[in-house]
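> Quick one: the structure is below, and I'll ask about it shortly.
The values are calculated or read from the model by the stated rules, or taken from the named source; none is laboratory data. Note that this is a predicted model, so its numbers are computed, not measured. Please note: Cβ atoms are built from the backbone with ideal geometry, for glycine as well, and neighbour counts cover all protein chains shown.
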Amino acid sequence: MILLDIKRKLGKKAGRFARAGTLVAPSLSEAYLSVDDSNRKVNCDKMKDMLVIHCSHASTVEAYTKGLYPIQGLETMEDAMERRSEAATIFLNDFESQCRN
(Lines give C-alpha, C1' and ligand atoms only; values in the text may rest on other atoms or scores of the structure.)
Protein backbone atom coordinates (compact mmCIF):
# COMPACT_ATOMS: atom_id res chain seq x y z
CA MET A 1 0.00 0.00 0.00
CA ILE A 2 2.90 2.33 0.69
CA LEU A 3 4.28 1.77 -2.81
CA LEU A 4 0.88 2.47 -4.37
CA ASP A 5 0.64 5.70 -2.40
CA ILE A 6 4.12 6.73 -3.55
CA LYS A 7 3.21 5.91 -7.16
CA ARG A 8 0.03 8.01 -6.96
CA LYS A 9 1.85 10.97 -5.43
CA LEU A 10 5.01 10.90 -7.56
CA GLY A 11 3.85 9.34 -10.82
CA LYS A 12 6.77 8.62 -13.15
CA LYS A 13 9.23 10.10 -10.66
CA ALA A 14 8.57 7.08 -8.42
CA GLY A 15 10.35 4.81 -10.88
CA ARG A 16 9.27 1.43 -12.21
CA PHE A 17 7.21 -1.16 -10.42
CA ALA A 18 7.47 -4.80 -11.43
CA ARG A 19 5.89 -8.08 -10.44
CA ALA A 20 7.90 -10.79 -8.73
CA GLY A 21 9.40 -13.12 -11.30
CA THR A 22 9.92 -10.39 -13.89
CA LEU A 23 12.52 -7.90 -12.68
CA VAL A 24 12.08 -8.92 -9.04
CA ALA A 25 13.64 -12.11 -7.72
CA PRO A 26 11.07 -13.62 -5.36
CA SER A 27 13.54 -14.71 -2.68
CA LEU A 28 17.13 -15.45 -1.72
CA SER A 29 16.39 -19.12 -2.38
CA GLU A 30 15.99 -18.18 -6.06
CA ALA A 31 19.24 -16.22 -6.01
CA TYR A 32 21.56 -18.95 -4.75
CA LEU A 33 22.40 -22.33 -6.24
CA SER A 34 24.12 -23.45 -3.05
CA VAL A 35 25.19 -22.11 0.33
CA ASP A 36 27.52 -23.73 2.84
CA ASP A 37 29.92 -22.56 5.53
CA SER A 38 32.80 -21.85 3.17
CA ASN A 39 31.11 -21.11 -0.15
CA ARG A 40 28.04 -19.40 -1.57
CA LYS A 41 27.23 -19.91 -5.27
CA VAL A 42 24.95 -17.31 -6.88
CA ASN A 43 22.59 -18.36 -9.68
CA CYS A 44 24.04 -15.79 -12.08
CA ASP A 45 21.96 -16.95 -15.05
CA LYS A 46 18.71 -16.45 -13.16
CA MET A 47 19.77 -13.18 -11.54
CA LYS A 48 21.27 -11.46 -14.60
CA ASP A 49 18.08 -9.55 -15.50
CA MET A 50 16.78 -8.96 -11.99
CA LEU A 51 16.83 -5.48 -10.51
CA VAL A 52 15.80 -6.27 -6.95
CA ILE A 53 15.29 -9.19 -4.63
CA HIS A 54 12.30 -9.60 -2.32
CA CYS A 55 13.47 -10.32 1.23
CA SER A 56 10.08 -10.71 2.87
CA HIS A 57 9.41 -12.77 5.98
CA ALA A 58 7.98 -15.59 3.84
CA SER A 59 10.92 -15.62 1.43
CA THR A 60 13.35 -15.60 4.36
CA VAL A 61 11.61 -18.67 5.79
CA GLU A 62 11.88 -20.36 2.38
CA ALA A 63 15.59 -19.61 1.95
CA TYR A 64 16.39 -20.61 5.54
CA THR A 65 14.41 -23.85 5.27
CA LYS A 66 16.06 -24.79 1.95
CA GLY A 67 19.53 -24.06 3.32
CA LEU A 68 19.97 -21.18 0.87
CA TYR A 69 20.21 -18.33 3.37
CA PRO A 70 23.60 -16.64 3.05
CA ILE A 71 24.23 -16.52 6.80
CA GLN A 72 25.01 -19.97 8.13
CA GLY A 73 25.04 -21.20 11.73
CA LEU A 74 21.91 -19.39 12.86
CA GLU A 75 20.09 -21.17 15.66
CA THR A 76 16.54 -19.97 15.00
CA MET A 77 14.35 -18.61 12.25
CA GLU A 78 14.02 -15.43 14.31
CA ASP A 79 17.78 -14.95 13.99
CA ALA A 80 17.41 -15.10 10.21
CA MET A 81 14.55 -12.58 10.30
CA GLU A 82 16.56 -10.14 12.39
CA ARG A 83 19.52 -10.35 10.00
CA ARG A 84 17.72 -9.87 6.66
CA SER A 85 19.51 -6.63 5.85
CA GLU A 86 22.87 -8.31 6.50
CA ALA A 87 21.82 -11.24 4.29
CA ALA A 88 20.85 -8.83 1.51
CA THR A 89 24.23 -7.09 1.76
CA ILE A 90 26.03 -10.44 1.61
CA PHE A 91 24.04 -11.37 -1.47
CA LEU A 92 24.90 -8.08 -3.20
CA ASN A 93 28.59 -8.65 -2.53
CA ASP A 94 28.33 -12.24 -3.76
CA PHE A 95 26.51 -11.11 -6.90
CA GLU A 96 29.09 -8.43 -7.65
CA SER A 97 32.02 -10.78 -7.19
CA GLN A 98 30.53 -13.77 -9.05
CA CYS A 99 28.26 -12.36 -11.75
CA ARG A 100 29.47 -8.95 -12.86
CA ASN A 101 31.99 -9.28 -15.67
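> Could you list all residues from region 74-89 that are at pLDDT 90 or above and not acidic (Asp, Glu)? Don't jump to the end; show me each part of the working.
So in region 74-89, the residues at pLDDT 90 or above come out as 74-84, 86-87.
Hits for region 74-89 are 74, 76, 77, 80, 81, 83, 84, 87.
> For region 59-90, how many residues meet the condition of being hydroxyl-bearing (Ser, Thr, Tyr) and surrounded by 13 or more Cβ atoms within 10 Å (Cβ to Cβ)?
4
> I'd like to verify a number: residues in region 1-32 that are assigned to a helix (DSSP H, G or I), small (Gly, Ala, Ser) and modelled with pLDDT of 75 or more, how many? Let's see the steps before the verdict.
Filtering region 1-32 for residues assigned to a helix (DSSP H, G or I) gives 2-14, 28-31.
When the remaining residues are screened for being small (Gly, Ala, Ser), the result is 11, 14, 29, 31.
Those left that are additionally modelled with pLDDT of 75 or more: 29, 31.
So the count comes out to 2.
> Sticking with this one: Restricting to region 33-58, name every residue that is buried (at least 17 other Cβ atoms within 10 Å of the Cβ) and at pLDDT 90 or above.
Once the filter is applied, which keeps residues that are buried (at least 17 other Cβ atoms within 10 Å of the Cβ) and at pLDDT 90 or above, region 33-58 yields 35, 40, 42, 43.
> When region 59-68 is examined, which residues are found to be part of a helix (DSSP H, G or I), touching a residue at least 24 places away in the same chain (Cβ under 8 Å) and of a type in the set (A, V, I, L, M, F, W, C)?
63
> Is it true that residue 46 is touching a residue at least 24 places away in the same chain (Cβ under 8 Å), of a type in the set (D, E, K, R) and in contact with a helix residue (DSSP H, G or I) (Cβ under 8 Å, 6 or more places away or on another chain)?
Details: touching a residue at least 24 places away in the same chain (Cβ under 8 Å): no; of a type in the set (D, E, K, R): yes; in contact with a helix residue (DSSP H, G or I) (Cβ under 8 Å, 6 or more places away or on another chain): yes.
Judged against the criteria, residue 46 is not a match.
> Scanning for something in a helix (DSSP H, G or I), farther than 17 Å from residue 24 by Cβ and either of a type in the set (Val, Ile, Thr) or in contact (Cβ under 8 Å) with a residue 40 or more places away in the chain (or both), does region 69-90 turn up at least one residue?
Of the residues in region 69-90, the ones in a helix (DSSP H, G or I) are 77-82, 84-90.
Restricting the remaining residues to those that are farther than 17 Å from residue 24 by Cβ gives 77-82, 85-86, 89-90.
Going one step further and asking which of them are either of a type in the set (Val, Ile, Thr) or in contact (Cβ under 8 Å) with a residue 40 or more places away in the chain (or both), we end up with 89-90.
Yes - at least one qualifying residue is present in region 69-90.
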